[in-house]
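The values are calculated or read from the model by the stated rules, or taken from the named source; none is laboratory data. Given the structure is predicted, the values throughout are model-derived calculations rather than measurements. Glycine gets a Cβ as well: all are built from the backbone with ideal geometry, and neighbour counts include every protein chain shown. Keep in mind that these areas ignore ligands, DNA and RNA; they rest on the heavy atoms of the full protein, side chains included. Shrake-Rupley method; radii C 1.70, N 1.55, O 1.52, S 1.80 Å.
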Amino acid sequence: DHTGMSMVAGKALAAGFRTLEDFNRPEVVLAARLGSTAVSAARKFMPKAQMRMFDDESQAYQELMNGRVHAVVASAPLPAFQALKYPEKLFLPVKEPFTKEPIGFAIRKGDFDTLNYLNNWIRVVESEGWLKERKRYWFETREWENRLR
């Protein structure tokens, strides 16, 4: 499957922003974790925007909540979770990740039986719709959260 970079924006500063181009302006301030691929993605897709980088993402999200940046760029699904957690202040301007990065299983080199098993399992559950259902449940909702308590 794939994941990628996503963005969550503040309703106060970015109301009406719906595309990456809306954020690609010199007066827009984006936040991301220092040294992350989010910084590279933001600079590639929104080069005109200002970048503020933080040692960890919690600082970037605090700046967003305080209205000092327009949006935070980070790996999906974290931006979506922030928008779900604070719907009165935050929103997802772009619904899908704007980069595409493959994800997969790590297995021992030369273990062709396990590789064959996993590849076939992925094909079966994908064709049944199970992967799409699980992705929605775990990455697009917070329905699972109370199970952790």
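Scanning the range 1-27 for residues that are open to solvent by less than 10 Å² (accessible area, probe 1.4 Å) and either out of contact with any strand residue (DSSP E or B) (no Cβ under 7 Å at 6 or more places or on another chain) or assigned to a helix (DSSP H, G or I) (or both), we see that the one that is farthest from TRP121 (Cα to Cα) is ALA14. Scanning the range 93-141 for residues that are part of a loop (DSSP other than H, G, I, E, B), farther than 15 Å from ALA76 by Cβ and not aromatic (Phe, Trp, Tyr) yields a count of 9. Residue count for the range 66-92, restricted to those that are assigned to a strand (DSSP E or B) and either open to solvent by 60 Å² or more (accessible area, probe 1.4 Å) or small (Gly, Ala, Ser) (or both): 3. The set of residues in the range 73-87 that are in contact (Cβ under 8 Å) with a residue 60 or more places away in the chain and over 10 Å from GLU140 (Cβ atoms) comprises VAL73, ALA74, SER75, LEU78, PRO79, GLN82, ALA83. Restricted to the range 103-121, and to residues there that are without any contact (Cβ under 8 Å) to a residue 12 or more places away in the chain and either of a type in the set (Ser, Thr, Tyr) or touching a helix residue (DSSP H, G or I) at 6+ places or on another chain (Cβ under 8 Å) (or both), the residue that is surrounded by the fewest Cβ atoms within 10 Å (Cβ to Cβ) is ARG108.
Considering (1) of a type in the set (A, V, I, L, M); (2) surrounded by 11 or more Cβ atoms within 10 Å (Cβ to Cβ); (3) touching a Phe, Trp or Tyr at 6+ places or on another chain (Cβ under 9 Å); (4) under 17 Å from VAL94 (Cβ atoms), the lone condition that LEU34 does not fulfil carries the number (4). Filter the range 56-83 for residues that are modelled with pLDDT of 95 or more and among the charged types (D, E, K, R); which is nearest to ALA12 (Cα to Cα)? So the residue we want is ARG68.
How many of the residues making up the range 37-52 are closer than 30 Å to ASN119 by Cα and buried (at least 21 other Cβ atoms within 10 Å of the Cβ)?
If we filter the range 37-52 for residues that are closer than 30 Å to ASN119 by Cα, which is where we start, we get 37-38, 41.
Then drop every residue that is not buried (at least 21 other Cβ atoms within 10 Å of the Cβ), which leaves 38, 41.
Here the count works out to 2.
Among the residues of the range 62-104, those that are more than 10 Å from the chain's Cα centre (by Cα), of a type outside the set (A, V, I, L, M, F, W, C) and within 20 Å of ASP22 (Cα to Cα) comprise GLU63, GLY67, ARG68, HIS70, LYS89, PRO93.
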